Structure formats: C-alpha cells, structure tokens
Amino acid sequence: MDGVEKAGSPSICLLRVRIQPTLWVTYGGDGRRKSSFDIFVDGQKIGDHAEPPRSPDQEGQLANVDYVIPSDLTAGKKKVTVRFVATNGNEIRGVFGIRTVRGEQPR
C-alpha cells in the first residue's frame, strides 16, 4: 500500500479476522503535503490518522499505530474489509504495513 492516494479514492485491504483483533498499521513517508484519513472496518470507522507536511530537510520516519477492532465487527466472520479514506481534500500516504493480530500482542 505504499504511495499516495488522493481524496475520493480510498485504499482497500481484505484482512483475515483474529480473536480479539487489533489492526497494526505502520505509517511513514516523506510527503510534502498534509495527510489525513479515516480508517474503516466493514463500513464502520475505527480510527483516523493525520500527518503534517514535511520540509525537504526532514527525514521520513516509520511509526506504528494500533487500532482495536470492536468484536461486533468480526463476530462470525473470517475476513473483514479495511478502508483508508482521505479527509478534507488531503492525501492518504505512507501506509507501509497492515495486519491483524490477536489482542494486544507486543510488536
């Protein structure tokens, strides 16, 4: 999912469901524009993320963020759809990794 997505074009992933799932997302990049977006699981918002623009002399850094997926969104399912949807005309950038894990496992 590397790269940049503009507002209006969501990025979509299909992920396997775990018991007491947590969504692990690794963000990063060297974007020069502001990035802000919402994260949805099967149509329900579970979080959001925003990053200010970086100046040319700043290095991109990777950051890990965890989002708990409510159990009612995964009950009886083998897979869920995760969507990243840009907000306020900004971009979706720098999603470098995404996976579901059981509960609150250490990274």
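The values are calculated or read from the model by the stated rules, or taken from the named source; none is laboratory data. The structure displayed is predicted, hence computed values, not measured ones. Counting neighbours? That spans all protein chains shown, and the Cβs are built from the backbone with ideal geometry, glycine included.
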Out of the residues in segment 67-76 that are buried (at least 16 other Cβ atoms within 10 Å of the Cβ) and not hydrophobic (A, V, I, L, M, F, W, C), which is farthest from GLY94 (Cα to Cα)?
THR74
For LYS79, which of the numbered conditions (1) surrounded by 11 or more Cβ atoms within 10 Å (Cβ to Cβ); (2) among the charged types (D, E, K, R); (3) out of contact with any strand residue (DSSP E or B) (no Cβ under 7 Å at 6 or more places or on another chain) fails to hold?
(3)
Could you tell me whether ARG93 is among the basic types (Lys, Arg) and at pLDDT 90 or above?
no
